[in-house]
1. From the P(r) of the stretch 46-182, can you give the percent of Cα pairs sitting at distances over 17 Å?
2. Using alpha-carbon positions, what is the distance between the centroids of the stretch 26-87 and the stretch 132-191, in Å?
3. Excluding same-chain residues fewer than 8 positions from LYS8, which lysines have a Cα within less than 25 Å of its Cα?
4. Taking neighbour Cβ counts within 10 Å as the exposure measure, how do PHE85, PHE122, PHE135 sort from fewest upward?
5. Nearest 5 percent is fine: what portion of the DSSP beta bridges confined to the chain is antiparallel?
6. How do ILE183, ILE176 rank when sorted from fewest to most other Cβ atoms within 10 Å of their own Cβ?
7. Picking from ALA66, PRO165, GLY97, whose Cα lies most toward the positive end of the charge dipole for the stretch 3-189 (charges on Cβ: Lys, Arg +1; Asp, Glu -1)?
8. If the cut-off is 12 Å between C-alpha atoms, which aspartates and glutamates fall inside it for LYS146, apart from same-chain ones fewer than 8 positions away?
Amino acid sequence: MGDLDEVKAEARRAAFARRKAAHAAAGPGRAGVLSSVLAGYRGVPLAGYMPIRTEIPPLAAMEEAAAHGPVGVPVIEAPGLPLKFAVWEPDCAMTDGPFGARVPAVLRWMRPEILIVPLVAFDRRGNRLGYGGGFYDRTLAGLRAKGPVLAIGFAYAAQEADDLPVEATDAPLDMIVTEAGVIDLRRAAGR
């Protein structure tokens, strides 16, 4: 394991501990700020995620968005591949997918223009630390090559880090939404 891999592993351990504590202390309404942000994009195809472990749940915001346009969730087809997105609707039949995330029982594919991205940690420059599989980095690179996509990191405010180790292949976020507010990085990055 290289130095950067070791630094990322240590950053993940610390971030998981912060996220676990934030998740245990969180009350209702965690997706309220996300819902407010998405209200400005009614009808735009978006993909959220089915929360696993102690990820902040975007489901309430996804349910609201589904009343106005298509909403999808990620499907992992194999390691090393980008994610695909299946149409999700509130109360649709779900089944177990890889890595413990639920996926729709009937897979109807869609292409999101807004991607709500789970993460382990983030910084104020739009960097994110994920689980290490590179799924969202590959996916964002592919989606951005086909047209504009708004990448919104969704996390507890406690998941913020001062500085994260990054690689050239790490795809930056355009916005970070927490239960406490919004960090819009598009103007600062010229996006």
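The numbers here are math on the coordinates, done by the rules we state, and not lab data. Everything quoted here is computed from the prediction, not taken from an experiment. Here the Cβ is made from the backbone with ideal geometry for all residues, glycine too, and neighbour counts use every protein chain on show.
1. 57 percent
2. So the two Cα centres are separated by 15 Å.
3. Reachable lysines: LYS20.
4. If I rank by nearby Cβ atoms, fewest first, I get PHE135, PHE122, PHE85.
5. 55 percent
6. Ascending number of Cβ neighbours within 10 Å: ILE183, ILE176.
7. ALA66
8. Within the straight-line cut-off, LYS146 pairs with GLU113.
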